[in-house]
Amino acid sequence: MKRLLFVAWVTMVAVSCSTQPKFTVSGTMRGDHTMVYLWDRATRTYLDSVAMEEGQFRFEGVYEKPCQLTILDANDPEKAKQYITILVEPGDIKIAPDPEDVREHLVTGTPANDAYAAYFVAQGRDFAELRASKDEKRRAELEQAMHDREWALIENNTHNLIAPLQLRTETYDLSADELMAWVERMTPEIQATPEAQEIVKVAELKRRTEVGQPYIDFEDSDAEGNAVSLKSVIENPANKYVLLDFWASWCGPCMAEMPHLKEVYAAYHKKGFEIVGVTLDHKREMWLGAIEKHQLNWIQLGSMNAWSNPISEAYGVQGIPSNFLFDCSTGKILAVNLRGEAVMEKIAELLK
């Protein structure tokens, strides 16, 4: 039975009478299903459901504005095994299993969905070759091709949802000004979407934590349950420079950074260098186990609230590892996201 919970979804009669642009979503889904469900992830509501007929399904709707919808094989997102995301735009959107990936489906038939499908197919082929190749030159060529293809996708699709959706994956490396420059290249209709406004919000957060900005104070608990504020560490007379490091025990790149942090900490802690680690773990035993196993002997804070951590949100953290280096004499940010040997080089320069 259909549940019409969204103004864009109407009965067949209303669709036929409407003068607004129409769209359809039809095709097949992997597996043996009797019903298919249309879900709006943004509002976490079901919009419609249809019965499979001879292995096919079909939805019809009126196009009102750019948005993402998801087709599921169950009326409970937690129980669904198939998630197929579509970009809603006028036209006939087609869905079919991806012949090259047994886990995925291809969504085609309209400009944005065609562009995204072609991108994913090309990236998938290059990634498969990258994983298999041991030729460093060829690997470098593939990595560059994948990088260039992604930015070409964003640049060529500022008139649809692809640009903000794909740009979200790049917010870690882009500055606030760079993010806003991309948003300003989008059409007014796309700039008004929640996906683009999310980029704007990230840019605003980044502006608060760029080099030259003052630190944002917070308080969290250490492993013994003692409350520790960032202010107390920065204002400690023994400290000249403080690195705020966001990490988690399950994060491979984070753990790969730890030998570098341990090296610089051992070399410069007594000269005025301190580290404050804030974990995005959600299991206390994993957090404490990683601290003990890797002997991370600096200040460690954690409330076990993972990505719902208000500290990471205040600092606009979009991915980990992320870090911020503070000058204790001014309370301002000196550097952001120092990785590998760059941490040692910067601290050595400051405390030479």
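The values are calculated or read from the model by the stated rules, or taken from the named source; none is laboratory data. Model, not experiment: these values are computed from the prediction. All Cβ positions, even for glycine, are placed from backbone atoms using ideal geometry, and neighbour counts span all protein chains on display. Keep in mind that these areas ignore ligands, DNA and RNA; they rest on the heavy atoms of the full protein, side chains included. Shrake-Rupley method; radii C 1.70, N 1.55, O 1.52, S 1.80 Å.
Please give the contour-minus-distance gain from Lys262 to Asp327: 0.36 nm per residue of separation, less the Cα-Cα distance, rounded to one decimal in nm.
Full extension of this stretch gives 21.4 nm more.
Given H placed on each backbone N at 1.01 Å, which residues far from Val276 in sequence or on other chains put an amide H within less than 5 Å of it?
Distant-sequence amide H within range of Val276: Leu243, Leu244, Asp245.
Using a Förster radius of 51 Å, what is the FRET efficiency between Glu53 and Leu288 based on their Cβ-Cβ separation? Nearest 0.05, please.
Numbers: r = 55 Å, r/R0 = 1.07.
Between Glu53 and Leu288 the formula returns 0.40.
How high is the FRET efficiency between Glu235 and Gln144 when r is their beta carbon distance and R₀ equals 41 Å, given to the nearest 0.05?
Efficiency, from the Cβ-Cβ distance: 0.35.
From the Cα gyration tensor of segment 95-215, with a ≥ b ≥ c the square roots of its eigenvalues, which class applies: rounded if a/c is under 1.5, or else prolate if a/b is larger than b/c, or else oblate? Can you show the working numbers first?
Working: a/c = 2.59, a/b = 1.39, b/c = 1.87.
It is oblate, given that a/c is not under 1.5 and a/b is not larger than b/c.
So what is the accessible area of the chain per residue, in Å², with the probe set to 1.4 Å?
Numbers: 18150 Å² over 352 residues.
Solvent-accessible surface per residue comes out at 52 Å².
Go ahead and estimate [θ] at 222 nm for the chain from helices alone: -39,500 (n - 2.57) per DSSP H run with n ≥ 4, summed, over the residue count, rounded to 500.
Per the formula, -11000 deg cm²/dmol.
Student exercise: in segment 268-337, how many lysine pairs 8 or more apart or on different chains have Cα atoms under 26 Å apart?
Within segment 268-337, the lysine pair count is 5.
Report, for the chain, the % of DSSP beta bridges that are antiparallel, rounded to 5.
DSSP beta bridges in the chain are roughly 75 percent antiparallel.
In whole angstrom, note down how far apart the Cα centers of segment 116-154 and segment 291-352 are.
31
Among Tyr46, His147, Ala115, which residue has its Cα furthest toward the positive end of the charge dipole of the chain, with +1 on Lys/Arg Cβ and -1 on Asp/Glu Cβ?
Of the listed residues, the answer is Tyr46.
Quick one: if you stick a label point 7 Å off each Cα along the C-beta vector at Val336 and Ser133, how many nm between them?
Between Val336 and Ser133, the simple spin-label model gives 3.3 nm.
Amide H of Thr110 versus every other amide H placed in the peptide plane: which residues, excluding those fewer than 5 positions away on the same chain, fall under 5 Å?
Lys94
Which of rounded, prolate or oblate describes segment 207-262 when judged by the alpha-carbon gyration tensor and an a/c cut-off of 1.5?
In terms of gyration-tensor shape, oblate.
Which ³J(HN,Hα) values, rounded to whole Hz and listed in residue order, are derived for segment 330-343 from phi using the Karplus coefficients 6.51, -1.76 and 1.60 in 6.51 cos²θ - 1.76 cosθ + 1.60 with θ = phi - 60°, glycine and proline given as x?
So the Karplus estimates, Gly and Pro as x, are 10, x, 10, 6, 9, 7, 10, 6, 6, 10, x, 5, 4, 5 Hz.
So what's the angle, to the nearest 10 degrees on a 0 to 90 scale, between helix 176-185 and the longest Cα principal axis of the chain?
Compared with the principal axis, the helix lies near 20 degrees.
What is the percent carbon and sulfur in the accessible area of the chain, measuring with a 1.4 Å probe over the protein chains and ignoring ligands?
Carbon and sulfur together cover 51 percent of it.
Per residue of segment 131-143, what does 6.51 cos²θ - 1.76 cosθ + 1.60 with θ = phi - 60° give for ³J(HN,Hα)? Whole Hz please, x for Gly and Pro, Karplus curve as stated.
3J(HN,Hα) across segment 131-143, in whole Hz: 5, 8, 7, 10, 7, 4, 5, 5, 4, 5, 5, 5, 4.
How much FRET efficiency would the formula 1/(1 + (r/R0)^6) give for Asp222 and Gln20, where r is the Cβ-Cβ distance and R0 is 51 Å, rounded to 0.05?
It comes to 0.30.
Could you give the distance between the Cα centres of segment 49-87 and segment 175-210, to the whole Å?
For segment 49-87 versus segment 175-210, the Cα centre distance is 29 Å.
Taking θ = phi - 60°, what integer Hz values does the Karplus form 6.51 cos²θ - 1.76 cosθ + 1.60 yield along segment 35-45, in sequence order, with x for Gly and Pro?
Result, ordered by residue: 10, 10, 10, 9, 10, 9, 5, 4, 9, 6, 10 Hz.
Restricting to bridges with both residues inside segment 157-309, how much of the DSSP beta-bridge set is antiparallel, in percent to the nearest 5?
30
Amide H to amide H, which residues 5 or more places from Tyr63 or on other chains are under 5 Å from it, using H placed in the peptide plane?
Lys22, Phe23
Just grab the label-to-label distance for Glu189 and Asp177, each label 7 Å out from Cα along the Cβ direction, in nm (one decimal).
Distance between the two pseudo-spin positions: 3.2 nm.
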